[in-house]
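The values are calculated or read from the model by the stated rules, or taken from the named source; none is laboratory data. As the structure is a computational prediction, the values presented were derived from the model and not from experiment. Methodologically, a virtual Cβ is constructed for each residue, glycine included, from the backbone with ideal geometry; neighbour enumeration extends over all protein chains shown.
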Amino acid sequence: MSTSSRVFKSSSFLLAIQLFQRSLGLISTLILARLLVPEDFGIVAMVAIALQFFETLADAGNKHYIIQKSEVTDQDLNTAWTMNLAIKTVMATLIIVVAPLISEYLGAPELTMALSIAALAMPLGALRNPILMLMARELNYRPVFVLSIWQKALSFIVVVVFALIHPSYWAIIAGDLVAAIVMTIGSYFIHAYKPALTLQKIGAQWHFSKWLILRGVVGFTRSQIDNLIVSKLFGTGQLGGYHLIRELATFPALSVIIPGSEPLQAAIAERKNHSEELAHRIRLSLFMMVTLLTPLTIFMAAYSEQIVDVVLGPQWGDFEELLRPFALFFFTFCLFALVSDAFVATGQVRALFIFDLVSTTIIVGLLLSLEDITLYTMAWARGWLAVMTTLALLLILQSRTRFNLSRLCAISSLIFAPCLVAWWVTELVRQLFFPESSVVSLLLTGLLFSGMLVTLLMTVVGASRNRIEETAHLWDQTTRLLKTLDERINR
């Protein structure tokens with residue numbers, strides 16, 4: 001099987017995994033948004049920010065290390081597993097110790113117990129079978145797909161039942177703990193590999209991982225600085241609304257797009273020593289990402305009020321305007337992640353860290369300098385800063401790999417034009433014929449936009465596939481997927 005086919009098949013499995021997980025996550029969010037108040041989501045946001053910081057410190061990049069190695073031994077897997085378990089156990093202990101201080105600093109006494117309990121998910125998750133890293137390297141995601149279904153299904157049941165019995169932020173924390181336990185136990189059912197405690201290969205792994213850890217700290221600051229500012233300048237309820245809308249905007253990214261693009265890192269790493277093939281794979285990966293992101297971004301920005309009203313409920317109407325700037329953030333969030341993976345896959349972790357350090361310093365300085373700030377201006381500032389950061393990183397990647405950024409921009413215009421036309425026609429029809437009901441109107445709007453978009457895109461891609469290799473690849477993979485689905489339906 002060709003690398004392209006393996007990547008496409010692996011991406012399909014990852015998309016299926018994340019689609020199932022996030023679909024249940026969306027349903028639970030719909031339920032929780034109607035059971036909990038903004039203050040509860042504010043506590044969840046504070047817990048998430050604190051845990052993400054410590055998880056960032058604990059992330060030694062073991063999976064990235066295993067993926068980029070030419071050969072992997074048991075010692076490599078066991079060392080990665082031992083490092084991960086040791087670091088995350090230490091970090092969980094540290095969280096429990098400093099939880100009262102964090103609670104006092106943020107002015108939320110309930111954070112102490114919430115952080116202490118939520119921190120247990122770190123060592124529990126670190127106990128999972130390290131063979132999962134090797135499966136990712138070999139693009140073998142079928143066993144993980146089945147396990148992920150069990151993980152999310154059980155976690156979903158716990159969250160919903162807990163929320164119905166005792167509506168509070170504890171429902172979300174309980175669900176996270178159950179998810180970590182199920183994934184760890186299940187990982188030993190899908191493969192018989194038994195890890196052993198060893199640090200035999202720690203020197204090589206640490207040489208690779210140290211830049212990823214430093215980059216993770218800087219990346220955390222860049223990604224959460226707006227939440228940190230909001231938590232200090234506004235109340236818990238305002239933070240809860242801001243955080244929830246941001247989570248809604250990045251839902252497609254975290255649920256489908258970024259996990260589904262994971263095999264691209266392995267595919268890029270395979271050709272890191274072949275400059276022409278490397279440039280082609282990077283450009284093709286970015287083009288596929290732009291193709292997926294553009295229509296989602298346009299739809300999210302154009303119909304932000306309807307989306308918030310339907311998904312979260314009318315009680316979140318005060319925050320609905322935030323979804324428009326966060327749609328811009330969503331686009332660059334996904335693109336930045338893929339470009340960063342290209343740097344990691346080609347071993348340019350140090351250069352990526354330096355860029356993150358400089359760009360984060362600029363972002364933090366600009367956000368802190370804002371005067372008369374509101375949630376809305378904070379969201380727009382964060383979105384445009386993300387655009388500038390992503391463009392700068394693309395230019396650096398261009399200088400290092402010569403993937404032909406100008407060609408990428410040119411072929412991406414073939415995607416932008418049909419998306420804009422599909423939106424214009426959809427908006428015209430919606431205003432003339434669709435009912436006032438938010439649910440029905442959003443459903444019909446989504447169906448019309450999707451139908452128009454698919455028709456226009458397939459027309460453009462089909463007409464250009466004989467002249468443009470990127471659109472030819474998109475056409476081949478799409479028709480192959482449709483053929484596979486047709487065969488399975490007709491069995």
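Got a sec? Which of G347, G317 is assigned by TED's automatic domain parsing to the domain that holds S275, surrounded by fewer than 20 Cβ atoms within 10 Å (Cβ to Cβ), out of contact with any strand residue (DSSP E or B) (no Cβ under 6 Å at 6 or more places or on another chain) and touching a residue at least 24 places away in the same chain (Cβ under 8 Å)?
G347
The residues listed here are A180, A174; of these, the one that is closer than 30 Å to V349 by Cα and in contact with a helix residue (DSSP H, G or I) (Cβ under 8 Å, 6 or more places away or on another chain) is A180. Count of the stretch 80-97 residues, restricted to those that are surrounded by 17 or more Cβ atoms within 10 Å (Cβ to Cβ) and within 23 Å of A45 (Cα to Cα), is 4. Considering the conditions (1) outside any helix (DSSP H, G or I); (2) closer than 30 Å to Q200 by Cα, L124 is excluded by exactly one of them, (1). Flag not set for R402, criterion: farther than 30 Å from S450 by Cβ, basic (K, R) and within 23 Å of the chain's Cα centre (by Cα).
Looking across L408, L375, one residue alone is surrounded by 18 or more Cβ atoms within 10 Å (Cβ to Cβ), farther than 30 Å from L228 by Cβ and either in contact with a helix residue (DSSP H, G or I) (Cβ under 8 Å, 6 or more places away or on another chain) or modelled with pLDDT of 90 or more (or both). It is L408.
Let's see how each residue does on (1) among the small types (G, A, S); (2) in contact with a helix residue (DSSP H, G or I) (Cβ under 8 Å, 6 or more places away or on another chain); (3) closer than 29 Å to T361 by Cβ; (4) at pLDDT 85 or above:
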{"residue": "G219", "(1), (2), (3), (4)": "yes, yes, yes, no"}
{"residue": "D226", "(1), (2), (3), (4)": "no, yes, yes, yes"}
{"residue": "T250", "(1), (2), (3), (4)": "no, yes, yes, yes"}
{"residue": "R281", "(1), (2), (3), (4)": "no, yes, no, no"}
{"residue": "L286", "(1), (2), (3), (4)": "no, yes, yes, yes"}
{"residue": "I298", "(1), (2), (3), (4)": "no, yes, no, yes"}
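Selection of first residues in the stretch 438-449 that are farther than 20 Å from G317 by Cα and of second residues that are at pLDDT 90 or above and among the small types (G, A, S), restricted to Cβ pairs under 7 Å at least 6 apart or on distinct chains, gives the following pairs, ordered by first then second residue: F449/A422. The condition of being assigned by TED's automatic domain parsing to the domain that holds E247, over 17 Å from T294 (Cα atoms) and either at pLDDT below 90 or not polar (S, T, N, Q) (or both) holds for only one of L428, L443, L432, L393, that being L393. Scanning the stretch 405-438 for residues that are within 28 Å of the chain's Cα centre (by Cα) and outside any helix (DSSP H, G or I) yields nothing.
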